[in-house]
Amino acid sequence: MLGMAARRAEIACRVWWRLGMVVAALGVVVALAPAASKLTLTASAAFIHGQVDDGLTIEVENSGQDAKGSVTINAGGGKTVYPIELPRGAHKQFVGYPLSSPENRWEPITCDLDTDRGSVHIDVPSSYSGESQGETLEISDELGGLQFLDEKSSGPTPPRPGFPSTRSSVYVKPEDAPGRLVAYRRLQTVVLGPGAERIPDTAVQALKEYLVSGGKIIFVGGSGAPTYRDRRWADLIPLAGVHAETRTVTLTAAGSHFSMPLDVQAGTPTLGSHLLPGDVVTQPVGLGLVVAIPFDLLQGPMKAWAGRPKFLTSLVQIPTGGQLVWPDDTQNGSGYYPPGAPRPYTGAPSAYTSSTYRPYPGAGRESDPFSFEPPKPMSVFWIVFCYLIVVAPVNFFVLRKLRRSEWAWFTTPCISIVFAGFLLKLASGLYSGRMMTAAQGTLVISEHPSTGIFRGSSQLFFPIGGSYDLKLSGVDWMAANDNQGYGARSTSTAPVTALDTDQLSVPDLAVRNLQFRELDYEQLVDTAGWFTFSAHRNGTMVVVTISNHSPYSLNAGSIAAEGAIGPVLQLAPGASSTVSMAPLPATPGSEQLLSSYSKLIHRPILSGTLTGFRPGPQVGDEAPGRPGIGLVAVGAEPTGGKP
């Protein structure tokens, strides 16, 4: 009886113990489930009607316990990580930037919120509809003011790749305007409407960088127009003594005539500006253009004018220098050119062309892994064929003749080692190579505002696998370009993971042995005072003095002014040169040349290559024998030409 009672007590203990474990497990599940559900994550395009790869408005909310973690944006060109802290009740909003490039914009984008209190995963709705025309952004309190620019769709069929989309205007409220150049780099024009005086300082700086890189900014006037008096834009507004007055505005566009007294922002056009119909004033800045419309084109009597779409379109389509230096990138939307826009020119330094994993002409095979050529198939075939002949028939025939067949245990490995050496010799350029980078691209410099913007790519070779910090500085946008052909990437290549803290860094790039990588990127460079220009007229001649205050040498340089091109320049650090040129008239078919653009903007333009300047990743050695980085520097002082 006593044994039976003990047995029953033991069974009861086991039952209660198991029930306790089940209750505890259910408690853990119940405790964790609400924690995860109290984290919410949403993502949408930063611009209304815009594309998600230009920027995402990320909103994160935590109604549970304090949490800490990161938001990761996954795109075709890599991952972007944003550290985040979420106290209880926190609601945070920021703009994140996917690592996308024109080669992988069609790939899906996802977002992950990973914290110590749970995780959330969402798929971002795609807005990709084929390559689209460069869009016009309106920064204004009243969204939708540019709807008259949107083209009418001819039917339900989506746009074909390479053709413009049916929507050409996108919008953002002033307080939500992104503070990074990457958000604006694909836009053709930015219109500053009512309320634009409230955009953050970071957005003002990003728009100035966008302007220097070849963008176009339109200031809209009217009775108030506080943007005209915003001190942050004072150095760019092409009017002196700005004041409000009432003036009769007379315009004709698309066969429609307009004439009516309007409240306008009046002033004296600054030196070097251009005056257009309606007293519209334009002024080149870097490769871009500032357009000051004195009246309110978006509201008031102008809304009823039938010629308004044609008039604004004519301003939007004024060509800029960005279409010459980076023809397949921004301001025109991946190769789409509006009527009258200049075509890309082929003279150096123009848009870079990637040479991923291809030999570079003139580079030594032993010192440059990017010039390594894989063994030809026929060479490998004959080595393998000869090995099979020697290791089997010849080897055993000779040993049989010598009556030393047992030596095959020694001769066979020796023959294999010899032929393996032949194969290794063919690939010795890689096995003996050092960690190396090779950059190519163009650096654009504006004398005023003093900003430098580099766009290009870097090839990287890693002889030994591991994890590497790329030591990036000032990189605003980046995307991995490891396509293996026809847009397909190697599935064995680890994605690039970039930490975004107002600029991108890659502290932990994982690579295999003997691996090549390539990165496309945009980098902001502090170029204040690197090159200065002094221009004046001496009779009919244009005299330009260029001074190189940078730490780098200018090679194969040339100065363009008023349509003329000066002699080839070589400027060492600290050197100066004075060039006299006779202005040349514009000739048909020359619109694709920087010399013609210098006549259009009446500013000197210096082009050439910089030796010693190393953009992008700062790991390993620079590949030898490269010509340098392309340079385009635009002066601020007019060359005296008449508008």
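No lab work stands behind these numbers, since they all come straight from the coordinates. In this text, all values refer to a predicted model and were calculated from it rather than measured experimentally. Quick reminder, even Gly has a Cβ in these numbers, built from the backbone with ideal geometry, and neighbours come from all protein chains shown.
Values computed for the structure shown
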{"read-out": "Summed side-chain charge close to Thr248 - residues other than Thr248 whose Cβ falls under 12 Å, Lys, Arg +1, Asp, Glu -1", "value": "-2"}
{"read-out": "Net charge over other residues, Cβ less than 13 angstrom from the Cβ of Arg232 (K, R count +1; D, E count -1)", "value": "0"}
{"read-out": "Thr501 paired with Ala254, simple spin-label distance in nm, labels 7 Å along Cα-to-beta-carbon", "value": "5.1"}
{"read-out": "At R0 = 60 Å, FRET efficiency that the Cβ-Cβ distance of Asn513 and Glu175 yields, to 0.05", "value": "0.75"}
{"read-out": "Whichever lysines have a C-alpha closer than 18 Å to that of Lys599, once near sequence neighbours (fewer than 8 apart) are set aside", "value": "Lys642"}
{"read-out": "Ala306/Thr545 FRET efficiency (R0 56 Å; Cβ-Cβ; nearest 0.05)", "value": "0.65"}
{"read-out": "Point-to-point label distance, Trp409-Asp66, nm (Cα→Cβ direction, 7 Å offset)", "value": "7.2"}
{"read-out": "Inter-part distance where region 218-252 and region 440-469 are each reduced to a Cα centre, Å", "value": "38"}
